[in-house]
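The values are calculated or read from the model by the stated rules, or taken from the named source; none is laboratory data. Worth saying up front: this structure is predicted, and the values here are computed from it rather than measured. When we count neighbours, we look across all protein chains shown, and the Cβ atoms used for this are built from the backbone with ideal geometry, even at glycine.
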Amino acid sequence: MAKDLSETGETAIVHEFGEGDLIGGHPVLDFINTLIRWGSPEPLDRLDGYISLAQWSVVAGVMEPALADIVAMKASLEPDDAVVALENARALRGILHHVLAAHAQGGEPAYDDMEAFEAFWKQAIGAHRLAFTDDHIEIRPVAFTSLTIIADLITRDAVDLVKTLPDRRLRLCANDACGWLYLVKSARAKQRYCGGRVCLNKR
């Protein structure tokens, strides 16, 4: 089952997320990899609705199941806002792909992409607060039921990832049509393909 997203050229497909989808080595990379065939004129989007985004967030460990259920319920009660929040998350995904793919190829992200990333970061920071708990300081969302919480959490994690990326361990799949990103165990690793279903048998 699929539906065309005519404004973006992507086709949304129904997908049941599971542990087998987590091949990126980091939730931010797994989020990016929810789009199939980045290099194709007709990519496939596994995020076919906000509920799908919430389900992915649980599988990827971004949100606790109980919290994801609450947010998903809110999305069902506020469908128009849920559509906006999903499109916001998809836009974030595209920006993260541009920024991290450039990094993986040893290049510098485009200025416009970094500006957009910064805008998402500022939005995410504004949606968090500092809290002192159990003898340490935590960064917590201000509103746990906000429909933007998933994108905000991913943005926060993405900033942490780019600050601590291991040298030469971030890879862009060598299959030009794929475009998935993943971490390898060592900078010397020879793995050139992501290991996703499409690229599994490539070497």
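Quick notes on this one:
- Residue identified as farther than 21 Å from Leu22 by Cβ and in contact with a helix residue (DSSP H, G or I) (Cβ under 7 Å, 6 or more places away or on another chain) among Ala116, Ala89, Ala72, Ala68: Ala116
- Any hit, segment 89-109, residues being basic (Lys, Arg), surrounded by 15 or more Cβ atoms within 10 Å (Cβ to Cβ) and touching a residue at least 12 places away in the same chain (Cβ under 8 Å): yes
- Residue within segment 42-54 that is free of Cβ contacts under 8 Å to residues at least 40 places away in the same chain, under 23 Å from Gly196 (Cα atoms) and more than 16 Å from the chain's Cα centre (by Cα) present: yes
- Subset of segment 8-37 [under 13 Å from the mean Cα position of the chain (by Cα), among the hydrophobic types (A, V, I, L, M, F, W, C) and in a loop (DSSP other than H, G, I, E, B)]: Leu22, Ile23
- Residue in segment 40-86 that is farthest from Arg156 (Cα to Cα), counting only those that are touching a Ser or Thr at 6+ places or on another chain (Cβ under 7 Å) and of a type in the set (D, E, K, R): Glu42
- Criterion applied to Leu181, Leu86 was being in contact with a strand residue (DSSP E or B) (Cβ under 9 Å, 6 or more places away or on another chain) and of a type in the set (A, V, I, L, M, F, W, C), and the one residue passing it is Leu181.
- Within segment 91-129, the set of residues being acidic (Asp, Glu) and assigned to a helix (DSSP H, G or I) comprises Asp112, Asp113, Glu115, Glu118.
- Residue that is modelled with the lowest pLDDT [pool: residues in segment 145-168 that are part of a loop (DSSP other than H, G, I, E, B) and surrounded by fewer than 17 Cβ atoms within 10 Å (Cβ to Cβ)]: Thr145
- Test result for Ala68, among the hydrophobic types (A, V, I, L, M, F, W, C), at pLDDT below 95 and in a helix (DSSP H, G or I): yes
- Any hit, segment 6-23, residues being hydrophobic (A, V, I, L, M, F, W, C), more than 14 Å from Ile150 (Cβ to Cβ) and in contact with a helix residue (DSSP H, G or I) (Cβ under 7 Å, 6 or more places away or on another chain): yes
- Members of segment 169-203 that are closer than 16 Å to Gly24 by Cβ, part of a loop (DSSP other than H, G, I, E, B), modelled with pLDDT of 80 or more and of a type in the set (D, E, K, R): Arg169, Lys185, Arg192
- Only residues that are touching a helix residue (DSSP H, G or I) at 6+ places or on another chain (Cβ under 7 Å), assigned to a loop (DSSP other than H, G, I, E, B) and at negative phi were counted across segment 50-65, and they come to 3.
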